[in-house]
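Just below is one structure, and these are the notes that go with it.
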Amino acid sequence: MYDILLVIAIIILTTYLFFKLPKLTDVLVWCGLRTNELDAHVKPPATNGEIVTGNRLRQGEKGIGQKSRLHMVNKFENMSNGHDSSAESDEITHVDTNGSVVHDEKDNLNDMIKAYSSIISHVGEDVNREGLLKTPERAAKAMLWFTKGYEENFDEVINKAVFDEDHDEMVILRDIEMFSLCEHHLVPFNGKVHIGYLPNKKILGLSKLARVVEMYSRRLQVQERLTKQIATAILQAIHPAGVGVVVEACHMCMMMRGVQKINATTTTSCMLGVFREDPKTREEFLSLITKK
Ligand SMILES: [Zn+2]
């Protein structure tokens, strides 16, 4: 009798540990055996240089490191979900690929908070006014969220969603919501992305098209580059006969300042392969995305 109870207890305990224990990769990262899981998957920039998968450090800039930045964003997400983990100490000093010591996570967030405090006082506000007390912190975390695309890399986004398929008709996903930040003014631009491609034995999971848009738009961008990066990414992922990407967006920097053209929409397109070479294919794509 006791034997059976013991076996049941062991089974329950094992199941509990299995689900509760952190993943082995996390343990390795904590132990310093693997410095950065993301780094291991990041490929060098694509041959045409259009796909930017690297983080700021690898690009030689003085950034905050992919891992620490990711932690900061995750921390923010946890806070938004009501689980404030800011009390946890995470005082690891990271060393970048050039061997320079990188600020730790808290220092970086604090630097951003100070920078936002400075901006607020420089526009003539009182940073100690009640309504603004937590604004620098919120703004810093929001900025990390708006630029979280730097943390994602193409291979991870596409991961296992390339399927062999003999489908040879055009695949179109239109009206994908897009929010980005104009890299010239750091104000938002947003709109819709339409993607079409003509498969060549391979197709891409439809949700991945939206993920690719998200990955490139959550960075400091210009609409022209965003359009080209999305098209090039799809071309590299599944080598279709052709790709077409059209982005329609409204730029707050135009609407709120300068020329104040409230209703101006900027349209950019990138046509590759048969979409570029064959006017009929291109027309078919353009008519399908504008069809009501
Ligand atoms: Zn702008």
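Every number here is computed from the coordinates shown, using simple stated rules; none is lab data. Keep in mind the model is a prediction, meaning the values are calculated, not measured. For neighbour counting, all protein chains shown are included, and Cβ atoms are generated from backbone atoms with ideal geometry for every residue, glycine included.
Shape class for the range 150-233, computed from the alpha carbon gyration tensor (a ≥ b ≥ c): prolate, with a/c not under 1.5 and a/b above b/c. Subtracting the Cα-Cα distance of Asp126 and Phe179 from 0.36 nm times their residue separation leaves 16.0 nm of extension gain. Sorting the segments 127-137, 174-184 by their mean number of nearby beta carbons within 10 angstrom, highest to lowest, gives 174-184, 127-137. Label sites at Ser207 and Thr290, each approximated as a point 7 angstrom past Cα along Cα to Cβ, lie 3.3 nm apart. Prolate is the label for the range 159-290. Its Cα gyration tensor axes, ordered a ≥ b ≥ c, give a/c of at least 1.5 and a/b above b/c.
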